[in-house]
Amino acid sequence: MSERMVKIYPPFERFWHWSQVILVLVMTFTGFRLYGLHEWIPYQQAVLVHTYAALLLMVLWIFAIFWHFTTGTWKHYVPSADGLGQVIRFYSYGIFKGEKHPYRKAYWRKHNPLQAMAYLALKLLIFPTIWITGIAYLTYRLWEPAASSGLWIEIVGNLHVLAAFGILSFIVMHLYLMTTGHSLWEHIRPMFTGYDEIDLSPQEEAYLEADEPSRIKPVA
Amino acid sequence: MISGKMTAVIGLTLALTGAGAVVAQEAEAPPAKKSNTTVDHSNLEILQKDFASGPEVTAACLTCHTEASDQVKQSIHWTWDYEHPVTGQDLGKNNVINSYCVGVAGNEPRCTSCHVGYGWKDMNTPPPQEANAVDCLVCHDKSDTYFKVPAGAGQPFGTEVKEGAVTNTGKPANPVDLTLVAQSVGLPDRDNCGNCHFYGGGGDNVKHGDLSSVLHNPTKDIDVHMASDGLNFECSTCHVSDQHQWHGSRYNVTAKDTEGAGLPGQRRDVATCESCHGTEPHDKFSLIGFKLNSHRDKIACQTCHIPEYAKGGVPTKTMWDWSTAGKMGEDGKPMKVAKYETADGKKKPTYVTMKGDFEWGENLKPEYFWFDGQVEYANADHDIDPSGVVEVNMISGGQDDENSRIWPFKVMRGKQPYDTERNRLLYPHLFGPGSETAYWGKWDWDKAFEAGAKASGTEYSGSYDFVATEMYWPVTHMVAPAEDHVACEECHKENGRLANIAGIHIPGANPMGPGGKLGALIFGLTLLGLVIHALMRLIGRRNMKEH
């Protein structure tokens, strides 16, 4: 096994990540305005920005879903119990003792098992909740004549904001975990450059050097 | 024909894709008004004479306009009687009770001065039968000189006017030249309607709040439709008529018009906003327009487009407490106290011996209620519960009713007399110079109620008290220019304009509902967990350094 810098975040994934960062922040800000938690911008403006940001994010998601399936990247998020116990033990105990993170990134598996599960929950549970409720909110007029729509819009609104707080909680955890390594930059850099330190088997290393030399660099 | 829903879907799609930026077309100001009829009445031979009375003029009118009198007699302007098609209740001025001067019966010559006829002196009989008892001039005078004697049961002022006489508009009265008036006739304008309707309840804007003398000549800020410097609408531009029947009712309101604008020349049945603006009045190809059109389903146009009423410096009466009437001044005579002052310094009475205590307001925010357009009155046929506030008129409607929308109202509050034995509101006999029973003069409620009961065909047990009442007046005039609409955040916030309406979902009106509370709890616990985790890491690091 040798440690090399391998490009594991292709340009699209980085674009997707950072666009999503901007859109989610904008939507959190405007969403909380609409919810009545602050009044820093006019309501009508918040409606416009929130809705158009949502539409952009939906478009981005359509591309992202397509990208996940066509490139096989979705496999990174398949839950796995392999090493899960060790990661949980690390975050709840080992980290306080100065132990090293037990998970080594593989180039075919860039997330540790806990991380993969967290992202999967975000992608399959929280994001769909906010999308479905958001679209229902936006198109209320079309289903308003349905029976007990008054109750349903209340449920939709509450689930929407619950999911929003869920995303916000995810964001702060996501940011907090960046402080757990050697340096912040070490965590952020891969999302800018695409390269991260990966343990490669001799076969993987040989393959990458032979067939995808641009994806592999020596460790800086 | 594309259905409304289909257009909504297309609209949303286009709105969301940002397509179709439609520029609203500015309405052009109409050219100066001139008569477009083919008759100049001043040239008609039959009008070239000295008329001695109103009915004489009417007789002349009817020689050409042969059906006019019959048509007017079918209208509520004449009958003051309206049987509600849903509740079956007898309404109309002849029957209803209100929280101002309460009722017409017993006070006819004063009240019927605004009847479109001559000489209706007793509510227990129908209006006079003669064809020429119809008053054509009050609606068709274009000389602005025709005024009725305020307590004259519909008679106009004559060729001689008593010193100090005033019209019901409060202006000094002048002699009326019936020949001049008859030769001036034309289609009704705002002054014709306004000379009665702007002064309901006994004075300028007393009753409605959204109908005042300001509308004789309003600016755009006051009323975007009737503005003299703008569209310059007459009342009848919206209150379309057909054979002397007008549309627009406050007993049976079209609270939600789903039909919209008819083809040219079609709809003559409503005075709704939608009958001109359609059912999708906002630009459906913009996101905000789409959202506003969906508001229209449940929110009356007036709710957003009439942010305030009683505009333009003429206040409306908001409270009338009859229970304090009858107090005399130090000189033992009826008195008047005028403590209310408008923004531009006009004084308004706050106590009058004849009527009790008043409160006034101008530039008022309406109050909002679900309204399906149906109104029932606490008339003599209706039991009241004096332990609470009695609704003089009861508006119906609700969230789940598809004919209802949230409407703006002026709520008139006050105290008025009721029969403590029979639990019914009472009709006092107020007006009647020289009468032995009129309250205004004798100051004896018992006599006034007895006489009022007799005049209205009701009963009086002999014991009375005053009960707190509320009365609802839909606000629908004084529509502001589009840009002065009620802003989103006036309702989409905690304790906003619609705070009193329970059971509706208004984003922003209930920050921290169940979803928000649970979400905030999860978020709070996450933060707490992270802080504890970080502290433990710090402690761990310190321990490691020490070792």
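Could you check the simple spin-label distance between B:Asp144 and B:Ser387, using points 7 Å along Cα→Cβ, in nm with one decimal?
Result for the modelled spin labels: 5.6 nm.
For each of B:Glu341, B:Glu359, count neighbouring Cβ atoms within 10 Å of the residue's Cβ, then give the residues from fewest to most.
The order, fewest Cβ neighbours first, is B:Glu341, B:Glu359.
Can you flag which of B:Lys410/B:Lys454; B:Lys207/B:Lys415; B:Lys73/B:Lys454 are past 22 Å Cα-Cα?
Those over the limit are B:Lys410/B:Lys454; B:Lys73/B:Lys454.
Using just the alpha carbons, could you tell me how many Å³ per residue the convex hull of the protein assembly as shown encloses?
Output value, Cα hull per residue: 231 Å³.
Assigning unit charges at the beta carbon (Lys, Arg +1; Asp, Glu -1) and nothing else, what dipole magnitude in debye, to the nearest 20, does segment B:105-246 show about its Cα centre?
The dipole of segment B:105-246 has a size of about 260 debye.
Please work out the C-alpha center-to-center distance from segment B:418-454 to segment A:91-157 and express it in whole Å.
The two parts, judged by their Cα centres, are 73 Å apart.
For segment A:2-217, take the convex hull of the Cα atoms, compute a quarter of its surface area, and give me that in nm², please.
14.8 nm²
May I ask which of B:Lys339/B:Lys442; B:Lys171/B:Lys336; B:Lys148/B:Lys348; B:Lys142/B:Lys256 have a Cα-Cα span longer than 30 Å here?
B:Lys142/B:Lys256
How do B:Ser53, B:Ser294 line up, fewest other C-beta atoms within 10 Å first?
Least to most surrounded, the residues fall as B:Ser53, B:Ser294.
How far is helix B:287-296 tilted off the main Cα axis of chain B, in degrees rounded to 10, range 0 to 90?
Helix B:287-296 and the main axis of chain B meet at about 50 degrees.
Give the calculated FRET efficiency between A:Trp67 and B:Lys365 to the nearest 0.05, with a Förster radius of 60 Å applied to their Cβ-Cβ distance.
It comes out at approximately 0.70.
What percentages, rounded to whole numbers, describe P(r) for segment A:1-93 computed over all alpha carbon pairs with 10 Å bin width beginning at zero?
Taking every Cα pair in segment A:1-93, the percentages come to 13, 27, 27, 23, 9, 1.
Count, for each residue of B:517-530, the Cβ atoms from other chains sitting within 10 Å of its Cβ, then give me the mean as a whole number.
Going residue by residue through B:517-530 and averaging, the value is 5.
Using the basic label-point model (7 angstrom from Cα toward the beta carbon), what is the B:Gln71 to B:Ile532 distance in nanometres?
8.4 nm
Find the Cα radius of gyration of segment A:169-218, compare it with 2.2 N^0.38 Å by division, and give the number to two decimals.
This ratio for segment A:169-218 stands at 1.48.
Taking other Cβ within 10 Å of each residue's Cβ, how do A:Glu39, B:Glu163, B:Glu259 sort, fewest first?
Listing A:Glu39, B:Glu163, B:Glu259 from fewest to most nearby Cβ atoms yields B:Glu163, A:Glu39, B:Glu259.
Please work out, to two decimal places, the log10 of the ratio I(q)/I(0) at q = 0.11 Å⁻¹ from a Debye calculation in which every Cα of chain B carries one identical scatterer.
Taking Cα atoms of chain B as identical point scatterers yields -1.09.
Excluding residues fewer than 8 places away in the same chain, name every one of the aspartates and glutamates whose C-alpha is closer than 19 Å to that of A:Lys217.
A:Glu3, A:Glu186, A:Asp196, A:Glu197, A:Asp199, A:Glu204, A:Glu205, A:Glu209
For segment B:342-353, take each phi angle, set θ = phi - 60°, evaluate the Karplus expression 6.51 cos²θ - 1.76 cosθ + 1.60, and give the result in whole Hz per residue in order, putting x for glycine and proline.
Per-residue couplings from phi come out as 6, 4, 9, x, 7, 8, 10, x, 10, 8, 9, 3 Hz.
Give the Rg/Rh ratio for segment B:388-547, taking Rg as the radius of gyration of the Cα atoms and Rh as the Kirkwood radius, to two decimals.
A ratio of 1.39.
In whole angstrom, how far apart do the alpha carbon centroids of segment B:455-527 and segment B:192-247 sit?
When both Cα centres are located, 28 Å separates them.
Determine ³J(HN,Hα), in whole Hz, for all residues of segment B:502-516 in sequence, where each value follows from phi through the Karplus function 6.51 cos²θ - 1.76 cosθ + 1.60 and θ = phi - 60°; x replaces Gly and Pro.
Going residue by residue, I get 7, x, 10, 8, 10, x, x, 7, 9, x, 6, x, x, x, x Hz, with x marking Gly and Pro.
Placing +1 on the Cβ of each Lys and Arg and -1 on the Cβ of each Asp and Glu in the protein assembly as shown, which of B:Gly200, A:Trp185, A:Val47 has its Cα farthest towards the positive end of the resulting dipole?
Positive-most Cα among the choices belongs to A:Trp185.
Report the Rg/Rh value for segment B:240-371, based on alpha-carbon coordinates and the Kirkwood definition of Rh.
1.16
Once you charge only the Cβ atoms, +1 for Lys and Arg and -1 for Asp and Glu, what is the size of the charge dipole of segment A:2-217 about its Cα centre, to the nearest 20 debye?
Value, rounded to 20: 140 debye.
Specify the longest stretch of chain A that does not include any exposed loop site, a site being one of the trypsin sites (Lys or Arg not before Pro) with a non-H, G, I, E, B DSSP assignment and at most 15 other Cβ atoms within 10 Å.
Maximal segment without exposed cleavage sites: A:105-220.
Answer with one residue from B:Thr458, B:Pro428, A:Leu200: the one whose Cα lies farthest towards the positive end of the charge dipole of the protein assembly as shown, charges on Cβ with Lys, Arg +1 and Asp, Glu -1.
Working it through, the farthest residue towards the positive pole turns out to be A:Leu200.
Charges at C-beta only: +1 for Lys and Arg, -1 for Asp and Glu. How large is the resulting dipole of segment A:12-130 about its Cα centre, in Debye rounded to 20?
Dipole about the Cα centre, nearest 20: 500 debye.
Restrict the search to segment B:461-529; then list the GluC sites (Glu not before Pro) that DSSP places in a loop and that have at most 14 other Cβ atoms within 10 Å of their Cβ.
Counting only loop positions with at most 14 other Cβ atoms within 10 Å, the GluC sites (Glu not before Pro) in segment B:461-529 are B:Glu494.
Using amide H atoms built 1.01 Å from N in the peptide plane, name the residues 5+ places from B:Gln374, or on other chains, whose amide H lies under 5 Å from its own.
Those lying under 5 Å, H to H, from B:Gln374 are B:Val253, B:Ser396.
Could you pull out which residues in segment B:243-258 have an amide N less than 20 Å from a spot 7 Å beyond the Cα of B:Asp401, following the Cα-Cβ vector?
Counting only backbone N, you get B:248-258.
Please give the per residue volume of the convex hull enclosing the alpha carbon atoms of segment B:93-183, rounded to a whole number of Å³.
Spelled out: Cα convex hull of segment B:93-183, divided by residues, is 106 Å³.
Of A:Thr139, A:Gly85, A:Phe69, which is farthest along the charge dipole of segment A:2-217 in the positive direction, counting Lys and Arg as +1 and Asp and Glu as -1 at C-beta?
The one lying farthest along the dipole's positive direction is A:Gly85.
Give the aspartates and glutamates reachable from B:Lys317 as a straight Cα distance under 16 Å; neighbours fewer than 8 places away on the same chain don't count.
B:Asp204, B:Asp210, B:Glu308, B:Glu341, B:Asp357, B:Glu359, B:Glu362, B:Glu367, B:Glu470
Within 10 Å of each Cβ of A:159-171, how many other protein chain Cβ atoms are there on average?
Per residue, the average neighbour count from other chains is 6.
Only the coordinates and a few stated rules stand behind these numbers; no lab work does. As the structure is a prediction and not an experimental result, all values here were calculated from the model. No Cβ is skipped: glycine too gets one built from the backbone with ideal geometry, and neighbour counts run over all protein chains shown.
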